[in-house]
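What follows is a single structure, written as structure tokens, with notes after it.
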Amino acid sequence: QVQLVESGGGLVQPGGSLRLSCAASGIIFSIYTMGWYRQAPGKQRELVATITSSGSTNYAGSVKGRFTISRDNVKNTVYLQMNSLKPEDTAVYYCNAIHPRRREVVYWGQGTQVTVSS
């Protein structure tokens with residue numbers, strides 16, 4: 001059974017840092033583009049970052065320069081390093097597996113809460 005399990009969320013102060021992890025199982029992890037999405041209350045789901053099987057990355061403009069997505073194909077894990085966090089980064093963050101050619105989300109994680117507040 002396919003599982004994407006996020007971890008690493010929590011409460012941090014503005015300007016702080018947090019690293020999210022997503023452990024994948026039940027899929028051939030190395031062939032998928034992996035993505036992080038987030039959704040805040042009252043707002044639309046937002047694509048935060050993606051990383052292809054070869055390591056090519058893309059970021060939302062709102063996080064560019066602050067967030068870094070990476071992956072470890074041996075550990076079947078994708079990470080999101082979040083620095084210089086702002087209150088507007090507060091959201092539930094979801095890990096996703098994306099079909100590398102069809103560009104469709106195939107699997108979703110359960111999400112992990114990130115709260116940025118003083």
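The values are calculated or read from the model by the stated rules, or taken from the named source; none is laboratory data. None of these values were measured; they are calculated from a predicted model. Positions of Cβ are backbone-derived with ideal geometry, glycine not excepted, and every protein chain shown enters the neighbour counts. These area figures cover heavy atoms from the full protein model, side chains too; ligands, DNA and RNA do not enter into them. Shrake-Rupley method; radii C 1.70, N 1.55, O 1.52, S 1.80 Å.
Things to note:
- Qualifying residue in region 35-43 (condition: free of Cβ contacts under 8 Å to residues at least 24 places away in the same chain and either touching a Gly at 6+ places or on another chain (Cβ under 9 Å) or in a loop (DSSP other than H, G, I, E, B) (or both)): yes
- Matching entry among Gly61, Gly65 (being on the phi > 0 side of the Ramachandran plot and of a type outside the set (Val, Ile, Thr)): Gly65
- On inspection, Glu104 qualifies as more than 12 Å from Leu4 (Cα to Cα), without any contact (Cβ under 8 Å) to a residue 24 or more places away in the chain, touching a strand residue (DSSP E or B) at 6+ places or on another chain (Cβ under 9 Å) and open to solvent by 60 Å² or more (accessible area, probe 1.4 Å).
- All positions within region 8-45 that are surrounded by fewer than 17 Cβ atoms within 10 Å (Cβ to Cβ) and farther than 25 Å from Glu104 by Cβ: Gly8, Gly10, Leu11, Gln13, Pro14, Gly15, Gly16, Ser17, Arg19, Pro41, Gly42
- Residue list for region 72-87, restricted to those being over 11 Å from Ala49 (Cβ atoms) and assigned to a strand (DSSP E or B): Asp72, Thr77
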